[in-house]
Amino acid sequence: MAIIDKSKRPLVNDRDELVNIGIDLPFHKGDTSGWFATTNYTIDAVKQNLKMLLMTQQGERIMQPKLGVNLRKFIFEPITVDTANAIENELIESINFWLPFLNIKDIKVSFTDDALGSHTIYVSVIFSLVKDPFTTESVQLSVSGDQVSINDNSTDNPTNTNINDV
């Protein structure tokens, strides 16, 4: 996780392409220098932090039992507005605690259910930085069974069932 910068400095590193902010995850070899690919913009580094937070189950990280989000516990819950609200509250609580420098613009929760009773939860989080509210970014993820996966494309799954349609 990133260190919280409580200074009032502007995001000067975003103006210099030669300054590396964080490691681009998952680990892979960088093109220019160093062993690992890096992020050059604060919003990209924060997006990586948010992805890791959402993919981590609480209790999974050693010495940080509260780090993460308990999304897997909702996989066998009924598809209702209450379940969607509980997921949204879980996300907001975890993001506000671990990434307080994020401004959550919108959270969308949708579900799919096939004939065999297999549920998939789709979550989209649109956010910006508190210091830069006009630059927005989004993270989409899906939870199915025991897997939490990040969807790097920005298009929604066309078979999603919006919770408002239930």
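The values are calculated or read from the model by the stated rules, or taken from the named source; none is laboratory data. These numbers were taken from a predicted model, which means no experiment stands behind them. Virtual Cβ from ideal backbone geometry, glycine too; neighbours counted across all protein chains shown. Surface areas here come from the heavy atoms of the whole protein model, side chains and all, with no ligands, DNA or RNA. Shrake-Rupley method; radii C 1.70, N 1.55, O 1.52, S 1.80 Å.
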Picked from the stretch 119-134 (must be of a type in the set (Val, Ile, Thr) and within 13 Å of the chain's Cα centre (by Cα)), the residue farthest from residue 108 (Cα to Cα) is 126
Only one of 99, 129, 116 is aliphatic (A, V, I, L, M), out of contact with any Lys or Arg (no Cβ under 9 Å at 6 or more places or on another chain) and modelled with pLDDT under 80, namely 116
Picking from 37, 45, the residue that is of a type in the set (Gly, Ala, Ser) and more than 20 Å from residue 141 (Cα to Cα) would be 37
Scanning the stretch 30-71 residue by residue, those charged (D, E, K, R) and open to solvent by less than 70 Å² (accessible area, probe 1.4 Å) turn out to be 44, 47, 51
So, first residue of a type outside the set (A, V, I, L, M, F, W, C) in the stretch 42-67, second residue in a helix (DSSP H, G or I), Cβ within less than 7 Å, six or more apart or across chains; the pairs are 42/13; 42/14; 57/72
Problem set entry | So residue 69, is it aliphatic (A, V, I, L, M) and modelled with pLDDT of 90 or more | yes
